[in-house]
Structures are given as structure tokens and as C-alpha cells.
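For reference, the structure discussed in these notes is given below.
The values are calculated or read from the model by the stated rules, or taken from the named source; none is laboratory data. A quick note: this is a predicted structure, and the numbers were derived from the prediction, not measured. A quick note on method: Cβ atoms are made from the backbone with ideal geometry, for glycine too, and the neighbour counts reach across all protein chains shown.
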Amino acid sequence: MLLSGKTAIISGAASKRGIGLATARRFAAEGARVAILDIDAAAAAEAAASLGDGHIGLGCNVADKTSCNDAVAQVARQFGVIDILINNAGITQPVKLLDITPEDWERIQDVNLKGVLFLSQAVIPHMRARKSGSIACMSSVSAQRGGGIFGGPHYSAAKAGVLGLAKAMAREFGADGIRVNCVTPGLIGTDITAGKLTDEMKAKILEGIPLNRLGTAEDVAGIYTFLASDLSAYVTGAVIDVNGGMLIH
Ligand SMILES: NC(=O)c1ccc[n+]([C@@H]2O[C@H](COP(=O)([O-])OP(=O)(O)OC[C@H]3O[C@@H](n4cnc5c(N)ncnc54)[C@H](O)[C@@H]3O)[C@@H](O)[C@H]2O)c1
């Protein structure tokens, strides 16, 4: 097992068909104890219970610093140590540039980008004290190619911000034994786009994907597992594409 005896926090892991819960399942199967932090506290508790004994599900709004601090303190009390942080929570909105309101901008930046800062700020002191930790952050192909798939320009901007923030964290905390990496998925079949993608949109997107299928939550969970585990012990500041070849660069 790749994560035997490790503890992990995964944000945004309550949604049933989501990347976070698929990752939580994979981590548990690899021997980790998992804390699911999600804005939906009841769903987080239910998701954690579905993993078996010893896992935790807590309500946490990643866009709120106090909420992050409180949730991480509770995880630290229950698990003792925190080895892995997966900054996975995110929201999107299909909207054109001229239609973005100040409120839309704030909401999308707050959850996707500020959330990575606040949760990392809460977890890093625990990792630094033990000179060990792995953090993986959720960006998107949308950051690399300037959107054009589903999320609007404000989503592309937030996810591009995640790349810069994660690389800066990798540089700052390498000496503390903390690795920080990003994943950049293409289009993954989850509830974030469910019901909002027409068959026509899907067919058009598939034309641009060499592997000729949408990604699955498990496709991304596998990469998060690699980044969380010691298999990637010498990998930091990296960005791993999980996009079926949608963007080859
Ligand atoms: N599905 C895709 O095609 C795709 C592609 C690239 C990147 N992503 C990113 O992957 C991540 C997971 O998305 P998903 O596709 O599994 O979608 P999802 O909607 O199934 O999961 C998102 C989860 O985040 C939670 N969440 C939302 N706001 C939150 C907040 N303020 N605090 C804490 N939790 C919050 C939701 O409750 C949900 O459980 C997101 O960051 C998304 O932007 C998704």
C-alpha cells in the first residue's frame, strides 16, 4: 500500500461523483486515514463514514480562514499528525468575460484560489514541525489554455493563480521537507458540469482529445495518490496534466 499509516486532508471531497471523494476512496484503500473537509458538513460526514472506520468528515469553508484553522485543528487533535493535504475544493461558472460581475469574480477567486492559501496556511505549520509533508493543489487545463471548455475567464484566472501559488510554496517550503505540486485535469465527468454540457458540446470537446474520452474522477485520484506518496519523493513545484492529450505542450 502506497499510503500506509499516513494521514490526509482532502478539501471538497463530499460530492458523490467528485474527484475529491474518488481520491479519498483511493487513499483509504492505500492505507491512509482521511479527513474530508467540505462546505457541506452533513455530506462530508456521510462521505467519511462511507470510507470505513477511522476517517473524519467536517464542515469547512475553504474561503474562510477561521473555518480552515478550526477544521485543521480538529483534524490535528484526532489524527495527531497531518502528512498530506489535497487542496481540491473548487467551483466554476460558465460565463463570458463581459458578463462577469464583481460578485462572480470574488466568489470564484475566493473558493478556487484563496481557499488554497487559507487551508495551506492552516496545515503547513503541522508539516513544518515534522519536516515532512506533501501538498497537491487542483488547477485545471483551463489555466493553461485560457478556458474555452466550460469555466469562464475568472475560473481560468483563479486556476492559473493556483499554479503560481503552489510553485511559490514549493520553493519556500522545500527546505522544510514539504513538497507542493499541482494537477491540471482536462474535462472530468463529475457533478461540476453535470447536466450543463450538451451532447453537441461533448462531441466537439472529444474531437480535441487524443484518448477520445472524458476523464474520470479515478484518473485524477491516481495522480493525487502518486503525488501524495513517496513515489514522488523528488517531485516538487511540478504540474501534472491529466487531460487525455487535450493539451500537449
Ligand atoms: N470536473 C472537471 O472537469 C474538472 C477539471 C479541472 C479541474 N477541476 C477541479 O476539480 C476540483 C473538484 O471538482 P469536481 O469536478 O470533483 O466537482 P464537484 O462539484 O463534484 O466537487 C467540488 C466539491 O467542492 C466542494 N466545495 C465547494 N465550495 C467549497 C468551499 N467553499 N469550501 C469547501 N468545499 C467546497 C463541494 O461541496 C464539492 O464537494 C475543483 O477544484 C474543480 O475546479 C474539475
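Which condition breaks for Lys204 when tested against (1) of a type outside the set (A, V, I, L, M, F, W, C); (2) within 16 Å of the ligand (Cβ to nearest atom); (3) touching a residue at least 12 places away in the same chain (Cβ under 8 Å); (4) part of a helix (DSSP H, G or I)?
Going through (1) of a type outside the set (A, V, I, L, M, F, W, C); (2) within 16 Å of the ligand (Cβ to nearest atom); (3) touching a residue at least 12 places away in the same chain (Cβ under 8 Å); (4) part of a helix (DSSP H, G or I) one by one, Lys204 breaks only (3).
Return a yes/no flag: does the stretch 140-161 have any residue that is surrounded by 23 or more Cβ atoms within 10 Å (Cβ to Cβ), in a loop (DSSP other than H, G, I, E, B) and either away from the ligand (no atom under 12 Å from the Cβ) or among the polar types (S, T, N, Q) (or both).
Looking through the stretch 140-161, at least one residue is surrounded by 23 or more Cβ atoms within 10 Å (Cβ to Cβ), in a loop (DSSP other than H, G, I, E, B) and either away from the ligand (no atom under 12 Å from the Cβ) or among the polar types (S, T, N, Q) (or both).
With the condition kept exactly as written, say whether any residue in the stretch 165-174 is within 23 Å of Ile100 (Cβ to Cβ) and within 13 Å of the ligand (Cβ to nearest atom).
no
Does Gly54 satisfy being farther than 22 Å from Ala168 by Cβ, outside any helix (DSSP H, G or I) and at pLDDT 95 or above?
It is true that Gly54 is farther than 22 Å from Ala168 by Cβ, outside any helix (DSSP H, G or I) and at pLDDT 95 or above.
Enumerate the pairs (first residue in the stretch 63-81 and within 25 Å of Leu3 (Cβ to Cβ); second residue anywhere and modelled with pLDDT of 95 or more and surrounded by fewer than 16 Cβ atoms within 10 Å (Cβ to Cβ)) with beta-carbon separation below 8 Å, excluding pairs fewer than 6 apart on the same chain, so at least 6 apart or on different chains.
Cys68/Gln121; Val81/Arg130
Does Thr225 qualify as being within 14 Å of the ligand (Cβ to nearest atom) and either in contact (Cβ under 8 Å) with a residue 24 or more places away in the chain or over 23 Å from Leu21 (Cβ atoms) (or both)? Talk me through it step by step, then tell me what you get.
Working: within 14 Å of the ligand (Cβ to nearest atom): no; either in contact (Cβ under 8 Å) with a residue 24 or more places away in the chain or over 23 Å from Leu21 (Cβ atoms) (or both): yes.
No, not satisfied.
Inspect the stretch 15-25 for any residue being among the charged types (D, E, K, R), within 11 Å of the ligand (Cβ to nearest atom), farther than 18 Å from Ile223 by Cα and in contact with a Phe, Trp or Tyr (Cβ under 8 Å, 6 or more places away or on another chain) and give the result as yes or no.
no
Scan the stretch 181-195 and report the pairs whose first residue is of a type in the set (Gly, Ala, Ser) and modelled with pLDDT under 90 and whose second residue is near the ligand (Cβ under 8 Å from one of its atoms) and part of a loop (DSSP other than H, G, I, E, B), with Cβ atoms within less than 9 Å and a gap of 6+ or a chain change.
Here the result reads Ala194/Arg17, each pair linking the stretch 181-195 to a residue that is near the ligand (Cβ under 8 Å from one of its atoms) and part of a loop (DSSP other than H, G, I, E, B).
Got a sec? Which of Arg26, Arg107, Arg17 is outside any helix (DSSP H, G or I) and within 25 Å of Ser140 (Cβ to Cβ)?
On the way: Arg26 fails: outside any helix (DSSP H, G or I); Arg107 fails: outside any helix (DSSP H, G or I).
Among Arg26, Arg107, Arg17, only Arg17 is outside any helix (DSSP H, G or I) and within 25 Å of Ser140 (Cβ to Cβ).
Going by what's in this entry, would Val123 be described as at pLDDT 95 or above, under 13 Å from Gln93 (Cα atoms), among the β-branched types (Val, Ile, Thr) and part of a helix (DSSP H, G or I)? So that I can check it myself, show each step before the final result.
Values: at pLDDT 95 or above: yes; under 13 Å from Gln93 (Cα atoms): no; among the β-branched types (Val, Ile, Thr): yes; part of a helix (DSSP H, G or I): yes.
So Val123 does not fit the description; no.
Scan the stretch 1-14 residue by residue and report those that are touching a strand residue (DSSP E or B) at 6+ places or on another chain (Cβ under 7 Å) and more than 11 Å from the ligand (Cβ to nearest atom).
Lys6, Thr7, Ala8, Ile9
Can you report the number of residues in the stretch 46-62 which are within 15 Å of the ligand (Cβ to nearest atom) and either surrounded by fewer than 17 Cβ atoms within 10 Å (Cβ to Cβ) or more than 17 Å from Thr7 (Cα to Cα) (or both)?
So in the stretch 46-62, the residues within 15 Å of the ligand (Cβ to nearest atom) come out as 46-48, 50-51, 56-62.
Next cut, either surrounded by fewer than 17 Cβ atoms within 10 Å (Cβ to Cβ) or more than 17 Å from Thr7 (Cα to Cα) (or both) only: 46, 50, 59-62.
Residues that pass the stated criteria total 6.
Filter the stretch 1-27 down to the residues that are over 10 Å from the mean Cα position of the chain (by Cα) and β-branched (Val, Ile, Thr), then identify the one that is nearest to Ala44 (Cα to Cα).
Ile9
If you take the residues of the stretch 100-133 that are under 17 Å from Val75 (Cα atoms) and of a type in the set (D, E, K, R), which of them is surrounded by the fewest Cβ atoms within 10 Å (Cβ to Cβ)?
Checked the stretch 100-133; the qualifying residue surrounded by the fewest Cβ atoms within 10 Å (Cβ to Cβ) is Arg130.
Given the conditions (1) out of contact with any helix residue (DSSP H, G or I) (no Cβ under 7 Å at 6 or more places or on another chain); (2) more than 16 Å from the ligand (Cβ to nearest atom); (3) of a type outside the set (Ser, Thr, Tyr), which single one is not true for Ala76?
Ala76 satisfies all of (1) out of contact with any helix residue (DSSP H, G or I) (no Cβ under 7 Å at 6 or more places or on another chain); (2) more than 16 Å from the ligand (Cβ to nearest atom); (3) of a type outside the set (Ser, Thr, Tyr) except (1).
Scan the stretch 78-119 for residues that are more than 25 Å from Gly54 (Cα to Cα) and in contact with a His (Cβ under 8 Å, 6 or more places away or on another chain) and jot them down.
Across the stretch 78-119, the qualifying residues are Gln93, Val95, Ile100, Asp104, Trp105, Ile108, Gln109.
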